[in-house]
Every structure is written in C-alpha cells, then in structure tokens.
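**Student:** Dropping the structure in here first, questions after.
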Amino acid sequence: MTPPKDSSSRSFSKSSSKSSSGNPVVSSFLVRRSPVYYGWVVLAMSTLGMAATLPGQTAGVSLFIDSFIEDVGLSRSLVSWLYTGATVLGSLALPLMGRLVDRWGPRRMATLAVGLFALSCAGMGQAGGWIGVFVGFVCLRCFGQGTLGLINNHAVNLWFEQRRGLAVGILGLGMAGATALFPPLIEEGIQAYGWQRTYLIMGGILAGAVLPLGALLYRDAPERYGLSPDRENAASETGASETEASETGAPETSGQEESGPEELGPETGAASEDEGKAQAETPGETQGGRRDTQGESQGASAVGGIEPGVAYRTRTFWLFTGAGVYAAGLGTGLLFHHFSILEEAGVGRDLAAEFFIPLGALTAALNVGTGWLVDRYPPRLLLAAELVLYGALTGLLPWADTTAEVWAYGSVFGVAQGMHQALLGSVYAYYFGRLHHGTIRGLANTVFIGGTAIGPALLAVGLDFLGGFAAILWILTPVPFLLGAAAFAGWAAGWDAATLQRAR
C-alpha cells in the first residue's frame, strides 16, 4: 500500500490536457536507437549541465572574491552589494527565459544559454573595475545559475512523471558533485594561472565540451518523439495516424496550446476542501495518481498542465516559493561569507575548508533520497522537515568552533540543501503539470533567486551594524520554523484542492 499523498498533487485535471495531433511526431535517430528510455539520456546530460553552472553559482563565485578585493581594489562590502544587485538584475530575465523554454524547447535554449555563459566567463576574465565585475556577475548569474539551471530542471521534468522526484534528485548530483570536486581545482587554477586566465579556461571548457554535447543530446518533450513520460510508448497507441516529420522541420513543442482556467475540470476527489483533505489522508492512492490520465489514454501526443495564472493564485505556489527565498538566501549568504563566519567563531581557514566535504557528500545523498521520498510522500510534509533543519542550522552555527562541530554544521547544511534542491526541483511540475512548467518555474526562480541576492547583503548588515554574524543569524532563526508550520498546515488542510476546482 502506497503512503498517502498530498491531495492537491492532482492540481491539473483530465480536461486540462489537449491532444496535439495537429503537430507531427518527429523522427530522431538518437531517440529511436537509444538502448534505454531516452529520458535517462536527457537526465544524464542535464546532470552534466547542472554541474556546468558552477561558475555562476555562489560556490564558484566565492573563490574569486578575494581576487576582486586584492587585484581590482574593491572592498568586501562593495563586492557583496555588486553581487546582490547583479543577482536581482539577472533573475529578472528568468520569466522570459521560462516562456522561451516552453516555446522553443530545452535543446535550442540550452545551446543558446551555454554559449552565452561561456562568453560571460571569458568576459569576466577581462574585468578591470567595479563596472566590469558587476556586468560579469549579471551575466554569470543570468545565463549560468539562472537560465541554464532552469533549462536542466525543465528538461528532466518533461521526461519524467511517476519517477520525477527520483530523476530530479539525481539531477541534483550534478551541482552537489561540482560543489565537492571543482572548487579545489578552481583554487589550484587561480594559484597557478591567476584568476583572469582561470575564467578564460572555464569559458573554453563550456564552449568546447558542454555546448556540443548539449546540442547533441538535449531533447524536448517525449510526446514530440512519440513517447510518454517515464517509459517507451509508441505514438501508434493513440489510435490516430500522425505524420513523421524531420527533426528540424517540426514545431519545437508538442501540445502546448493555451488552456485557460475555465477549462480545468474538478480536481479528482476534491469536490470540497474537506473531501480533498480526506483524500490526502487516505492511503492506497496509486504512485502515479497525480499523472494526467487522459493524456496517457490519448497517447503520447498530450501534455498536461494548468495555466500560470491559476498556479500563481494558489497558496501552494507561494508556500514553496517563499520557502525557496529563505533557503536560497540563507544558503547563499552562508557560503558567500563562509570563511568570515567561521573565523568569527574561532575556526581557521584549513578547518573551515573541511566543511565542504560533508556538505557535498550529504547534499548529493539527500538529493537522491528526497527525490525518492517525493514520489511517495506529500512534498509539504518534506518541506516542513527541511525548514526545521534550517532553523537548527542558524540557531547553532555561532557556537561551531571545533572540528566535530564544523563537520556537524556541514552535515546539517548538506541534508537541508539536498532536501531543498530535490523539493524545489520537482514540486512545480508535481502540482501544476508540464504544459507551462517553464513559465511557472521561471517566475518562481526569479523570486527565490532574489533571495540569493538578499542573503549575502543581509548577513553583511549583521557584520556592519550588529557587531558580528551571530546576532543576525539568531534573528533569522524563527523564520524557518514559521514557514515549516505553514507547510504542515497546508498538508493537513489540503490547501488549494477546492480553489483549483473553482478556478475553472
């Protein structure tokens, strides 16, 4: 018997999927000849693509902060504010990027994003003043951490439904592995070649290796190739004859016509809010219960989902997005000021560097573990558990001054980060479907990437005005507990089941 699921995981109804028989099925040699379901190839490429975002992630940028301070002549506070402003500015493009991903598909967008990201790294190596550093930060955050990260997540969510949590958890291994392995290599490069040439080398690797692999292996929705998410499913199962077209001559997307809120049918088992809650607490729901069953019966030509406007009016959307803002902001701030925070606690740089060992290992493990749990348990319950860990983290960090405590800090941080990445990577498609996932996810990314901008500056305020990092960390401690209580309440009350029913 499968454990109970969140009732509003069925937030897109049968009638929300529309047949796209007008769009011909594309013939792809790689998809046809793949010895495994091609979604696993997309997942492998997306995992590599996620690792490739490291130069635009805080874990990568933080390695160059001292170089900007010493060689470019910037203060630490100025670098923090430049990074904050650049992150906000770069994130504003993500709703547009999300719409383009929905329209053009991951393959074209990944090729464009990796190319621009490579140029951004090369340009960053030429930065000679605060303006150059600021522009470089904007480009690195927009095309790397923002756009390429969005594309990788979207591609995986397109190809998986029943095993979406597990697939997104595996996707997180790319970033976790990059965080554990690449910073020491980048640090060696900075010491051996200087920070400017190291940026040029990273741009060359992106352009020479990641870009051609992405252009070859990324693919758009499985329905475009006559398949269904999670498994092989010939287009002939639809019972309708579909014309096979050349891969370049067919539309990039399949079945992505606009469907308004009025087309949403009643959520299964959600005739009322109480009934929706009751179903959420009823065991025995099939593991694939949240899938678009009509889309499956229509065959591989249907993609299910609800309108972005409906998703944006749900409490579920803002619960996860608000939690994403907090976790992204705190995580970015802690990494950005990592060595300074631990130095304040009396920890030397060598011991502080050991923190990344448990962080990387447990982030990777919890990415996969939480992904497996998302396929079986309500995401809102998992979110509540994650937020409790963040509360413990901020409350106890100022006392971490021994080797065991630093490793414990890295371990708790790794567990919380791994849970966060797996949950935020899958819940938007889990609740709102795949049809407009790029658009919905794009707005969510803009909001909680804004949190990554606020985090470093907010912690710097504690250093500048409160006498150190400890005071601001303790001020932030109640926030995750309150968000965790809201997540638990949302699960218990069956949030949005009736709201989505009325939205039609």
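The values are calculated or read from the model by the stated rules, or taken from the named source; none is laboratory data. Just so we're clear, the structure is a prediction, and the values are computed from it rather than from any experiment. All Cβ positions, glycine included, derive from the backbone under ideal geometry; neighbour counts span all protein chains shown. What goes into the accessible areas is simple: the full protein's heavy atoms, side chains included, and nothing from ligands, DNA or RNA. Shrake-Rupley method; radii C 1.70, N 1.55, O 1.52, S 1.80 Å.
**Student:** Select from segment 366-404 the residues that are charged (D, E, K, R) and in contact with a helix residue (DSSP H, G or I) (Cβ under 7 Å, 6 or more places away or on another chain) and write down the one among them that is surrounded by the most Cβ atoms within 10 Å (Cβ to Cβ). Talk me through it step by step, then tell me what you get.
**Tutor:** From segment 366-404, those charged (D, E, K, R) are 375-376, 380, 386, 401; that's our starting set.
Cutting the leftovers down to in contact with a helix residue (DSSP H, G or I) (Cβ under 7 Å, 6 or more places away or on another chain) gives us 375, 380, 386.
Values: Asp375: 23, Arg380: 29, Glu386: 26.
That would be Arg380.
**Student:** Can you tell me how many residues in segment 47-75 are under 26 Å from Leu330 (Cβ atoms) and in contact (Cβ under 8 Å) with a residue 60 or more places away in the chain?
**Tutor:** The initial filter retains those residues of segment 47-75 that are under 26 Å from Leu330 (Cβ atoms), namely 47, 49-69, 74-75.
Then drop every residue that is not in contact (Cβ under 8 Å) with a residue 60 or more places away in the chain, which leaves 47, 49-65, 67-68.
Counting residues in segment 47-75 that are under 26 Å from Leu330 (Cβ atoms) and in contact (Cβ under 8 Å) with a residue 60 or more places away in the chain gives 20.
This table checks each residue for (1) part of a loop (DSSP other than H, G, I, E, B); (2) among the hydrophobic types (A, V, I, L, M, F, W, C).
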{"residue": "Gly49", "(1), (2)": "no, no"}
{"residue": "Ala59", "(1), (2)": "no, yes"}
{"residue": "Ile65", "(1), (2)": "no, yes"}
{"residue": "Gly73", "(1), (2)": "yes, no"}
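**Student:** Next question, about the same structure. Quick one: would you say Gly129 is small (Gly, Ala, Ser) and modelled with pLDDT of 95 or more?
**Tutor:** Numbers: small (Gly, Ala, Ser): yes; modelled with pLDDT of 95 or more: no.
In short, no.
A quick yes/no check of all residues on (1) in contact with a Leu (Cβ under 8 Å, 6 or more places away or on another chain); (2) over 29 Å from Ile357 (Cα atoms):
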position: Ser91; (1), (2): no, yes
position: Met97; (1), (2): yes, yes
position: Arg103; (1), (2): no, yes
position: Leu112; (1), (2): no, yes
position: Met124; (1), (2): yes, no
position: Phe143; (1), (2): yes, no
position: Met175; (1), (2): yes, no
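**Student:** Shifting gears a bit: Is it fair to say Val36 is modelled with pLDDT of 80 or more, outside any helix (DSSP H, G or I) and among the aliphatic types (A, V, I, L, M)?
**Tutor:** Values: modelled with pLDDT of 80 or more: yes; outside any helix (DSSP H, G or I): yes; among the aliphatic types (A, V, I, L, M): yes.
Criteria met by Val36.
**Student:** Now for a separate question. Of the residues that make up segment 461-471, is at least one over 28 Å from Val368 (Cα atoms) and touching an Asp or Glu at 6+ places or on another chain (Cβ under 6 Å)?
**Tutor:** yes
**Student:** Name the residues in segment 75-88 that are part of a helix (DSSP H, G or I) and open to solvent by 40 Å² or more (accessible area, probe 1.4 Å), would you?
**Tutor:** The first filter runs over segment 75-88 and keeps only residues part of a helix (DSSP H, G or I), leaving 76-88.
Listed by number, the residues that qualify are Arg76, Ser77, Leu78, Trp81, Val88.
**Student:** Go through segment 332-403 and tell me which helices (runs of 4 or more DSSP H), entirely inside it, have 2 or more residues that are of a type in the set (Phe, Trp, Tyr), within 19 Å of the chain's Cα centre (by Cα) and under 15 Å from Ala180 (Cα atoms). Outline the logic, then answer.
**Tutor:** Values: elements: 338-344, 349-354, 356-374, 379-396.
Helices (runs of 4 or more DSSP H) meeting the threshold: none at all.
**Student:** Restricting to segment 477-492, count the residues that are open to solvent by 30 Å² or more (accessible area, probe 1.4 Å) and within 12 Å of Tyr326 (Cα to Cα).
**Tutor:** Within segment 477-492, residues that are open to solvent by 30 Å² or more (accessible area, probe 1.4 Å) and within 12 Å of Tyr326 (Cα to Cα) number 5.
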